[in-house]
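Below is one structure; the comments refer to it alone.
Please treat every number below as a calculation from the coordinates, not as lab data. Here the structure is a predicted model, which means the values were calculated and not measured. All Cβ positions, glycine included, derive from the backbone under ideal geometry; neighbour counts span all protein chains shown.
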């Protein structure tokens, strides 16, 4: 159990891409793992075996709801599936484009500053 927690913590530390799908996956993965593990242990007990079926049903419904939310995002809000960093750079480019709409040229210094700001820091 301790190694599973360390592995999960290590996975969250390595996570770098942030989109609308990440919270959905975390909200699905953590409770589903807990529910299925609990159902497995309840299955070995005569008194708690009655709770095994409902726990599995709740876990499967969480996976189904996450899948439906993912399909909703794909069909109706695909921009939310892009990384947060990409969305910020896209908005910055749009602002640069709007601010230079009168001159029809974009200042190269603005683009360089945008690229430097978007470079991941390690």
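What is the calculated FRET efficiency for residue 79 to residue 99, with r their C-beta to C-beta distance and R₀ = 25 Å, to the nearest 0.05?
Working: r = 22 Å, r/R0 = 0.88.
About 0.70, to the nearest 0.05.
Rounded if a/c is under 1.5, else prolate if a/b is larger than b/c, else oblate: which is segment 23-64, with a ≥ b ≥ c the root eigenvalues of its Cα gyration tensor? Present the calculation step by step, with values, prior to reporting the outcome.
On the way: a/c = 4.56, a/b = 2.30, b/c = 1.98.
Prolate.
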